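To start, the structure itself, in structure tokens.
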Amino acid sequence: MSAPNKSYDPVEVEAVKPDEVARHRADALAAIASATTLDELHQVKIAVAGDRAPLALANREIGALPPAARAEAGKRIGEARNAVKQALAQRQEQLETERDERVLVEEAVDVTLPWDRAPRGARHPLTTIQERIADIFVAMGYQVVDGPEIEAEWYNFDALNFPPDHPVRDLQDTFFVAGKQEGQSSGLVLRTHTSPVQARTLLAQGAPVYVVSPGRTYRTDELDATHTPVFSQIEGLAVDEGLTMGDLKGTLDHWATAMFGDGVITRLRPHFFPFTEPSAEVDLQCFVCKGASVGDPDNPCRTCGSEGWIEWGGCGMVNPRVLIACGVDPERYSGFAFGMGLERSLMFLNNVKDMRDMIEGDVRFTLPFGMEI
Ligand code: DAH
């Protein structure tokens, strides 16, 4: 800003001279008129109406004029600035209208186009059943955990008390991951069950622990109506002080009721698994006939084949050797575990006859299961 101009001569104060003001005003109006987009107009606005615009700078000079000259200069500059402001607002409105009209044309939706060329997708029933089961256990205070599908042999077998020469390690059942050089073992397998998550969880979290772990598992089976090399299981593990087989049975019964309906219970049949002792197979009471079809040829049951019970999975009390391998004191803690096949559960739950339907990914199979979330 110039110093106070005591001996006023407006001609000496360049910026406020009428010619100068008129020139800046004309320049500004021309720049506004030539802006063809809203972005351009924004730039022009900064140049002609911003703090450093010529008319704004001229306005600052008014204070440097002697009082008698201020009114006249102020009026001149004020008028010019108002004219610029108005022109900016008008051009802004014009350009916005043009833009809206263009968007309406460019983004028009042709509602007469066929709408069903890309059929709607659907969540896979294996996903929704995993979530339903997980919800039941989360409501009981369990945590949902995950484990890798490419697993170390140690977790898949050794930690779970499978002796080194156990036949299940045989190539018939297990996909071994090849070593870097031929003939060399990588020590990795595609996990044959979700049980290695038991060992991982115990090592990571110690006891007490209550977890379920759904996921994909692999075995070298040929794909047919009742076998698939890639299938899914859900694993359960509870380790705490004083857990007994009664707790296991109560947990399974609660799960059966929550999933299959009131009054549906389970029964345990003695079995062998290296990682549980004692071990059992779990049968589910047929949730359709509740056993009424047994010995009644007039009322056969398709769900349980008139057996009254459906094979559901395996379970048992965690073998103390597993607890020791995972650093948990078996004198203080005991636990139970269980594992169920999810494809099998879906098969008897929904009368699916061919397992291949579940893995082909055809949306015509998945859609009827609905969009449960
Ligand atoms: N891992 C077993 C299998 O794939 C199933 C199983 C049995 C899991 C007993 C368990 C269990 O946790 O306690 O055949």
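How many residues are open to solvent by 80 Å² or more (accessible area, probe 1.4 Å) and within 43 Å of the chain's Cα centre (by Cα) if we restrict to region 81-102?
4
Select from region 210-244 the residues that are of a type in the set (A, V, I, L, M, F, W, C) and either in contact with a helix residue (DSSP H, G or I) (Cβ under 6 Å, 6 or more places away or on another chain) or open to solvent by 10 Å² or more (accessible area, probe 1.4 Å) (or both) and list them in ascending order.
211, 212, 223, 225, 230, 231, 234, 237, 243
Just to be sure I understand, how many residues within region 104-137 are without any contact (Cβ under 8 Å) to a residue 40 or more places away in the chain and of a type in the set (A, V, I, L, M)?
Residues in region 104-137 being without any contact (Cβ under 8 Å) to a residue 40 or more places away in the chain and of a type in the set (A, V, I, L, M): 7 in total.
At pLDDT 90 or above and part of a loop (DSSP other than H, G, I, E, B), is that true of residue 51?
yes
Any idea which of 201, 217, 228 is assigned to a loop (DSSP other than H, G, I, E, B) and within 16 Å of the ligand (Cβ to nearest atom)?
None of the other options fit; the residue is 228.
Using the structure shown, decide if residue 207 is within 25 Å of residue 334 (Cα to Cα) and surrounded by fewer than 11 Cβ atoms within 10 Å (Cβ to Cβ).
no
Could you count how many residues in region 245-264 are open to solvent by less than 30 Å² (accessible area, probe 1.4 Å) and either under 25 Å from the mean Cα position of the chain (by Cα) or within 13 Å of the ligand (Cβ to nearest atom) (or both)?
Of the residues in region 245-264, 4 are open to solvent by less than 30 Å² (accessible area, probe 1.4 Å) and either under 25 Å from the mean Cα position of the chain (by Cα) or within 13 Å of the ligand (Cβ to nearest atom) (or both).
Return yes or no: is residue 298 away from the ligand (no atom under 13 Å from the Cβ) and over 12 Å from residue 317 (Cα atoms)?
yes
The values are calculated or read from the model by the stated rules, or taken from the named source; none is laboratory data. Worth saying up front: this structure is predicted, and the values here are computed from it rather than measured. Note that each Cβ is placed from the backbone with ideal geometry, even for glycine, and that neighbours are counted across all protein chains shown. Each accessible area value is taken on the protein alone, full model and side chains, heavy atoms only, with ligands, DNA and RNA left out. Shrake-Rupley method; radii C 1.70, N 1.55, O 1.52, S 1.80 Å.
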